[in-house]
Amino acid sequence: MEDKLRECFDNMVVYKDLKKSNFFSSLGLPSFLRDWVLRKFEDDNGDYDVEEVNDFIHTYLPKKEEWLSIKNKITYENERVKILTKISVDIDIKTSEITFSLPNFGLTNKETIIEPVVWERYKDELTKSQETWGIIELGYRFPDDSVKPKITGKIKMTGFTSFCPYIADLDYYKDVRSEFDISEWIDILLGAIDYNAAGYKSENEKITMLTRLLPFVEKRLNLLELAPKGTGKSYVFGNISKYGTLTDGGKITRAKMFYDVARRTPGFVVGTDYVAIDEVKLVTFNDINEMRSIMQGYMERGRFNIGGYEGESSAGIVLLGNISINNMDEYNSMFSELPSLFQESALVDRIHGFIKGWDIPKMSDDLKVSGWALNTEYFCTVLHLLRDDPSYRAIVDELVSVSPNAYVRHTEAVKRIASAYLKLLFPHVRSISDVEPKLFRRYCLRPAIEMRRVIWRQLSILDAEYKNEDKQMPLFEVKG
């Protein structure tokens, strides 16, 4: 299958050897960044010059603790410095001044400037999304006290090279899926996120693992996963996609999550595909009532209003937590260990589905990919683009029938999850005639129903209202 994979995807395939090689793991690069470097330096046999790669990383991927040295080069030695990192651009409405921040180094908009001539050259690339990855050239604008108003010293952007110089051909990706059967495709997807398909004991383990990718392809998909320690939750949500955000739990505020009124800056949910809240059992909130109100509204409609700021986003909310072995029982209360916010039935009802993390094996060397696999950077870009394709939901709406008077949140949750599975596992379908009903029922609809059913069972435990007949799980059928 590796030969067929290389033939079909050509230079979007890289050789990953995570089982044997400690070189890249020691660098601490996220997967999408590691594969970008591999694609740049690997030859046709998957070999690369370690010294050459090391020189590139030392030059363009400095560590956070090297930032002071970089500032010294820019401001006092008057050097131009190029680094590969994430950049966020902002435009001041009052002054039309264009600034930027480098979140990975703590450089804020107050310390920076993009001059008009530079902005004209790179604005098309820099305005594609809230945050953009690229090789950024930095210089220094010296202060000048001789003019009024005084010009303050600032770090300026003098050049920009897109992190993704190629165009991800979504139509080609969809079409080439037809070259593989479903078992082969599942294994390809696992390799794309750094996992060795041969290390799994069953197809159910593989599918449960891939379920973590559903918020990568479907807008505003809210999920909860409870799993034992060591199953790779943080790795998937923190390393695979440059379009998502993984928070480290701790204290979560309205300002961090949605909008900071004092700084007038949007929070995690704006401009990302998902926000995964790790270690959810340990999360605390400044004002739990305020957070409950905002979170429920956002999870329902994708909008929020804070201090007159009207926010809107398509980011899904993903809650990740560890669970004890004795509590892995969907028929009994599993949410008792969670913060009180996530024991509110109104909020839980807005979680579309539950991932049974205990069906995912703990990480071991046998689960690490070693061979040719899809470039993670390319793969996460494709998943990001699939979010904007409404045709899959249209197919699901046409294909799935629901029992009369079904509770609307159950119906919406199941159809949204089924649409995500369809994008992930069967991206080549263009109309209902392309869908094989048996495969759709097995790989899309049944898993979606089961994911929602767990949420409903927990709702019934939390709130007696969900035991009423009008809140029962409806019947879903595949037409034809």
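Every read-out reported here was derived from the displayed coordinates using simple, explicitly stated rules and does not represent laboratory data. Keep in mind that this is a model prediction, so the values were computed, not measured. All Cβ positions, glycine included, derive from the backbone under ideal geometry; neighbour counts span all protein chains shown.
Things to note:
- Estimated dipole of the range 236-360 in Debye, rounded to 20 [Cβ of Lys and Arg +1, of Asp and Glu -1, Cα centre]: 440 debye
- Between Asp144 and Thr253, the C-beta separation translates, for a Förster distance of 41 Å, into a calculated FRET efficiency of about 0.60.
- Over the range 1-113: Rg over Rh, Cα atoms, Kirkwood Rh: 1.09
- Extension gain, Thr152 to Ile91, is 20.2 nm, computed as 0.36 nm per intervening residue step minus the present C-alpha separation.
- Toward the positive end of the charge dipole of the chain, with +1 on the Cβ of Lys and Arg and -1 on the Cβ of Asp and Glu, the farthest Cα among Trp456, Gly297, Ser183 is that of Gly297.
- Calculated over the range 108-228: convex hull of Cα atoms, volume per residue (Å³): 195 Å³
- For the chain, the membrane-span-like helix rule (DSSP H, alpha carbon extent of at least 18 Å along the helix axis, mean Kyte-Doolittle at least 0.0) picks out 408-425, 446-462; this says nothing about an actual membrane.
- Each of Ser202 and Asn289 was given a label point 7 Å from its Cα along the Cα-to-Cβ line. The distance between the two points is 4.7 nm.
- Theoretical gain in end-to-end length, Tyr331 to Asp470 [0.36 nm per residue, Cα-Cα removed]: 48.0 nm
- Reduced Cα scattering model of the range 21-180, Debye log10 I(q)/I(0), q = 0.19 Å⁻¹: -1.28
- Cut-off 17 Å, label 7 Å out along Cα→Cβ of Thr75, residues of the range 82-101 by amide N: 100-101
- At R0 = 22 Å, FRET efficiency that the Cβ-Cβ distance of Tyr309 and Glu279 yields, to 0.05: 0.15
- Value of Rg/Rh across the range 335-376 [Cα atoms, Kirkwood radius]: 1.22
- Evaluated at q = 0.12, 0.16, 0.19, 0.22 Å⁻¹: base-10 log I(q)/I(0), Debye formula over Cα of the range 193-321: -0.47, -0.79, -1.07, -1.37
- Hull volume per residue, based on the alpha-carbon atoms of the chain and their convex hull, is 158 Å³.
- Reciprocal of mean inverse Cα separation for the range 20-80 (Kirkwood radius, Å): 13.2 Å
- Considering only the chain, percent of DSSP beta bridges that pair antiparallel, nearest 5: 65 percent
- For the range 387-478, fraction of C-alpha pairs farther apart than 20 Å, in %: 35 percent
- FRET E, pair Glu2, Arg430, Förster distance 25 Å, beta-carbon r, rounded to 0.05: 0.35
- Lys, Arg +1 and Asp, Glu -1 on Cβ, resulting dipole of the chain about Cα centre, debye, nearest 20: 1300 debye
- For the listed peptides 430-436, 268-274, 250-256, a ranking on the average number of other beta carbons within 10 Å per residue, highest first, reads 268-274, 250-256, 430-436.
- The protection proxy used here, the mean number of other Cβ atoms lying within 10 Å of each residue, ranks peptides 72-84, 454-466 as follows, highest first: 454-466, 72-84.
- Listed from fewest to most Cβ neighbours within 10 Å, the set Ser178, Ser340 follows the order Ser340, Ser178.
- Total formal charge among the other residues, if their Cβ is under 12 angstrom from that of Asn109, Lys/Arg +1 and Asp/Glu -1: 0
- Computed lengthening from Arg446 to Lys64, 0.36 nm per intervening residue step minus Cα-Cα distance: 133.0 nm
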